[in-house]
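Heads up, the thing below is written out as structure tokens.
Nothing in this text is a laboratory measurement; each read-out follows from the coordinates by a stated rule. Computed from a predicted structure; not experimentally measured. Backbone-built Cβ (ideal geometry, glycine too); neighbour counts: all protein chains shown.
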Amino acid sequence: MSLSNALSPFLAFVNPETLQIQPNTGGYKKYFRELSGIYADEVAFDRLAESLGSAVAYRVDEARFSDRSSNLITGISVLEPGKVGQEFFMTRGHLHQRADRPETYYCLAGHGILLLESLAGEVEAMEMRPGNLVYVPPFWLHRSVNVGAAVFATLFSYPADAGQDFEIVRQAHGFSQLVVSGENGSWKLIPNSRYRPRTGQEVEAYEARTRS
Ligand code: NI
């Protein structure tokens, strides 16, 4: 990799009030109605979608100055608080398209869980408050879950060629565990009864794809 492919040094500002990174190259908003199918309680989702359908569930702003593997994409994810039935608001979750690419998440605001799942189905629920950092290793799926009463905001950084594979989450009917409300405003994990584990063959296919 020639150095001419690399970005020049730059200084950015993470605005603690607006929870935006400046400069940024844009990003996207995910509306509540677009999250149909990710929550276990579909009746509760449909009911909520009637009132909240056009509301923003989460947004991502990023400094994506390059798609080359030698560079990083850094951005901010802001997830609204709420519940669908007993399940806390969450992002769709993904594996990196190039699954051997890692990522870090640093909590800027709120109280959330970074839910990690290996291809084999092992789960780690990392509880985050401002100041916590989570390392997502290669080959681990990840999703943010807001278990607090205010927005849950994280600053993330990952190799610019990683990409996102959302389909692997959809095919498994989510993650193997759900983050739901527990006693006295707390949270807990319960098994996802709709979960379909990946077969050994499927796991090998994901691993092989990164070698090609
Ligand atoms: Ni990621």
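If neighbour count is taken as other Cβ atoms inside 10 Å, put Glu42, Glu124 in order from fewest to most. Write out the running numbers ahead of the final one.
On the way: Glu42 13, Glu124 16.
Lowest to highest Cβ neighbour count: Glu42, Glu124.
Going by C-beta contacts inside 10 Å, put Phe13, Phe89, Phe65 in order with the fewest on the left. Mind dumping the intermediate values first?
Values: Phe13 9, Phe89 24, Phe65 17.
Final ranking by Cβ density, sparse to dense: Phe13, Phe65, Phe89.
What net charge do the residues around Tyr28 carry, taking every other residue with its C-beta under 14 Å from that of Tyr28, with Lys and Arg at +1 and Asp and Glu at -1? Mind dumping the intermediate values first?
On the way: positive: Lys29, Lys30, Arg59, Arg64, Arg92; negative: Glu34, Asp61, Glu62.
My count for the surroundings of Tyr28 gives +2.
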Centre separation in Å (Cα based) which lies between segment 151-212 and segment 11-73: 17 Å
Cα-only Debye scattering, the chain: base-10 log of I(q)/I(0) at q = 0.07, 0.13 Å⁻¹: -0.21, -0.75
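List the trypsin sites (Lys or Arg not before Pro) within segment 53-155 that fall in a DSSP loop (any state other than H, G, I, E or B) and whose Cβ has at most 12 other Cβ atoms within 10 Å. Let's see the in-between values first.
Details: sites: Arg59, Arg64, Arg68, Lys83, Arg92, Arg98, Arg143; in loops: Arg64, Arg68, Arg92, Arg98.
Of the trypsin sites (Lys or Arg not before Pro), not one in the loops of segment 53-155 has a Cβ with at most 12 other Cβ atoms within 10 Å.
At a 10 Å Cβ-Cβ cut-off, how would you order Glu80, Glu167, fewest neighbours first? Intermediate results must be reported in sequence, preceding the final value.
On the way: Glu80 18, Glu167 11.
Starting with the residue having the fewest Cβ neighbours, the order is Glu167, Glu80.
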